[in-house]
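Engineer: One structure, as structure tokens, below. Some questions next.
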Amino acid sequence: MDENPGLSDQYRMASPWPLFVALGLPIAELGLLFGIIPLAVGGVILFGGSIAGMLGESGYVETPWRALGVIALLAVVLGGALVYVDPMTPAPLSLRGYATVGAGLFMLLAGIAGELFAREAGVPA
């Protein structure tokens, strides 16, 4: 008698990405709350990288590296908008904007490096 009827061993039962998506933004917000910029940047990178990984795993994109590049460009634009709008608002947004721009630049570099240097298993160079 089978313990899991109807399930195949070739499919993974659970994805690790939702946990990292759920942790990315709170980590970034804690870094901003306490003024720890590397923690804020790391949280945004964790969030963006997890979204790209989830898109790649589900088959929505051909490679997660390109998705990471697009997410990075969106983060740079959003962070730049926050830095630009900062003088017009009562709450300082520039710290959040600079952290988002920095994380976007790191993700963009990782996406470019991954696209150039990461090879799929079994694909000849």
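The values are calculated or read from the model by the stated rules, or taken from the named source; none is laboratory data. These numbers were taken from a predicted model, which means no experiment stands behind them. When we count neighbours, we look across all protein chains shown, and the Cβ atoms used for this are built from the backbone with ideal geometry, even at glycine.
Engineer: Report, by residue number, each residue of region 106-120 that is closer than 12 Å to Leu68 by Cβ and free of Cβ contacts under 8 Å to residues at least 60 places away in the same chain.
Structural biologist: Matches in region 106-120: Leu108, Leu109, Gly111, Ile112, Ala113, Gly114, Glu115, Ala118.
Engineer: Test Gly43 against the criterion of being under 13 Å from Gly102 (Cα atoms) and in contact with an Asp or Glu (Cβ under 9 Å, 6 or more places away or on another chain), and give yes or no.
Structural biologist: yes
Engineer: Turning to a different aspect of this structure: Give the residues of region 8-49 that are in a loop (DSSP other than H, G, I, E, B) and within 21 Å of Ser94 (Cβ to Cβ), sorted by residue number.
Structural biologist: Matches in region 8-49: Phe34, Gly35, Ile36.
Engineer: Same structure again: Hey, could you check region 50-95 for residues that are within 20 Å of Leu39 (Cα to Cα) and not in a helix (DSSP H, G or I) and say which is farthest from the chain's Cα centre (by Cα)?
Structural biologist: Looking at the filtered set, the residue picked out is Pro92.
Engineer: Given the structure, is Leu109 within 21 Å of Leu33 (Cα to Cα), under 15 Å from the mean Cα position of the chain (by Cα), of a type outside the set (Val, Ile, Thr) and in a helix (DSSP H, G or I)?
Structural biologist: Spelling it out, it is not the case that Leu109 is within 21 Å of Leu33 (Cα to Cα), under 15 Å from the mean Cα position of the chain (by Cα), of a type outside the set (Val, Ile, Thr) and in a helix (DSSP H, G or I).
Engineer: When the residues of region 76-95 are filtered to those that are more than 19 Å from Glu29 (Cβ to Cβ) and surrounded by 15 or more Cβ atoms within 10 Å (Cβ to Cβ), which remaining residue is modelled with the highest pLDDT?
Structural biologist: Ranking the qualifying residues of region 76-95, first place goes to Val76.
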